[in-house]
Structure formats: C-alpha cells, structure tokens
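**Q** What follows is a structure written as structure tokens; I'll ask about it next.
The values are calculated or read from the model by the stated rules, or taken from the named source; none is laboratory data. Source: prediction; values computed, not measured. Cβ atoms come from the backbone with ideal geometry, glycine included; neighbour counts cover every protein chain shown. Heavy atoms of the whole protein, side chains included, go into the accessibility calculation; ligands, DNA and RNA do not. Shrake-Rupley method; radii C 1.70, N 1.55, O 1.52, S 1.80 Å.
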Amino acid sequence: CARNARKFAMSMVQLELDEKDKESFSEMQQGMNQARQELAMVDGNMRKVATERREAELILAELSGMGPDTAAYKQCGKMFIQSPIDQLKGSLTTKAERCQKDHDALSEKRKHVTEAAGKLQEDFQAFIKEHLYTQEKS
C-alpha cells in the first residue's frame, strides 16, 4: 500500500502535444482569457450603470419633496446653472430609465458571455483529458 502511494507520488502528469495540438491549446487559452476579460468588462459596466441609476433615483427622491417654484441648479462642468425643477426631474427620470435598460441589456450580454465561457471551459477540459497521460519517474 505504501509502495503504491510512493509510485503515485512519483508519477508526473504531462500533456502529449504535437505542433497542431500546441497551436490549438494556445488558441483555447487565448479564447478563455478573452472570455474572462469580456466578462470582467461587462461586470464593471453593470456596476457603473447600477451606480448611475441609484444616484439618479436618490436625487430624484430628494427633488420630489420640493415645490415647482424652488430654485434648483444643474451642474455643468465647474459651473451650476439654474434650471426649472420639473426639467431636472424629467432628465433624472429619463436617466434612471435609460440606466435600467442598459443594465438589462448588459445582464443579457453577461448571460451570453458566461455561456460562451462555459463552453470554452468544457472544450478545454475535453482537450486536456484527450491529451493527458501519466509517465512514471525512474
């Protein structure tokens, strides 16, 4: 039993690849890396859009308690320009709706990217299993 354990510990796992297989392996790795990068990019964009939506909703909630004759200012670069409060409410509502649509679209894109990444991972695992062999150390 101890002898078998020692043999197992001494065995090395290697991939047996010819030039064509090495090229395929490299392409699969690149595809997986691209999928990971795209997924990270989509996740970052989703967080950004969600933050913008929350910000617009919070400002809109603050403005909803104010009357139509209240002086309100909109930031434009380093300046603040007085704007009708109803116009500000309208633009914030539009922004919140646009952000929600963008978030929904990004969620759908994330779903597709995740599926594609899973397929690439499955193909990669199948490739590894196909080319895997164990070699005993002398």
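**Q** Can you tell me which residues in the range 99-118 are open to solvent by 80 Å² or more (accessible area, probe 1.4 Å) and under 15 Å from N45 (Cα atoms)? Show your work before the answer.
**A** First, pick out the residues of the range 99-118 that are open to solvent by 80 Å² or more (accessible area, probe 1.4 Å): 101, 104, 108-112, 115.
Of everything in the range 99-118, those that are open to solvent by 80 Å² or more (accessible area, probe 1.4 Å) and under 15 Å from N45 (Cα atoms) turn out to be K101, D104, E108, K109, R110, K111.
**Q** May I ask you to list the residues in the range 42-68 that are surrounded by 13 or more Cβ atoms within 10 Å (Cβ to Cβ) and aliphatic (A, V, I, L, M)?
**A** Residues satisfying the conditions are V42, M46, V49, A50, A56, I59, L60, L63, M66.
**Q** Could you tell me which numbered condition A96 fails, if it satisfies all but one of (1) open to solvent by less than 60 Å² (accessible area, probe 1.4 Å); (2) free of Cβ contacts under 8 Å to residues at least 24 places away in the same chain; (3) of a type in the set (G, A, S)?
**A** (2)
**Q** Now a separate question. Return a yes/no flag: does the range 119-138 have any residue that is open to solvent by less than 70 Å² (accessible area, probe 1.4 Å), at pLDDT 90 or above and assigned to a helix (DSSP H, G or I). Full working, then the answer.
**A** Just the residues of the range 119-138 that are open to solvent by less than 70 Å² (accessible area, probe 1.4 Å), to begin with: 120, 123-124, 126-128, 131.
Narrowing further to those that are at pLDDT 90 or above: none.
Within the range 119-138, not a single residue is open to solvent by less than 70 Å² (accessible area, probe 1.4 Å), at pLDDT 90 or above and assigned to a helix (DSSP H, G or I).
**Q** Scan the range 99-133 for residues that are within 21 Å of the chain's Cα centre (by Cα) and free of Cβ contacts under 8 Å to residues at least 40 places away in the same chain and jot them down.
**A** Selection gives K101, D104, A105, E108, K111, H112, E115, G118, K119, E122.
**Q** Mind checking which pairs have a first residue in the range 63-92 that is more than 21 Å from R53 (Cα to Cα) and a second that is exposed (fewer than 10 other Cβ atoms within 10 Å of the Cβ) and among the hydrophobic types (A, V, I, L, M, F, W, C), Cβ under 8 Å, 6 or more apart or different chains?
**A** Q82/A71
**Q** Given the criterion assigned to a helix (DSSP H, G or I) and out of contact with any Phe, Trp or Tyr (no Cβ under 7 Å at 6 or more places or on another chain), identify the matching residue among G67, G90. Give the derivation first.
**A** Numbers: G67 fails: assigned to a helix (DSSP H, G or I).
After applying the criteria, what remains is G90.
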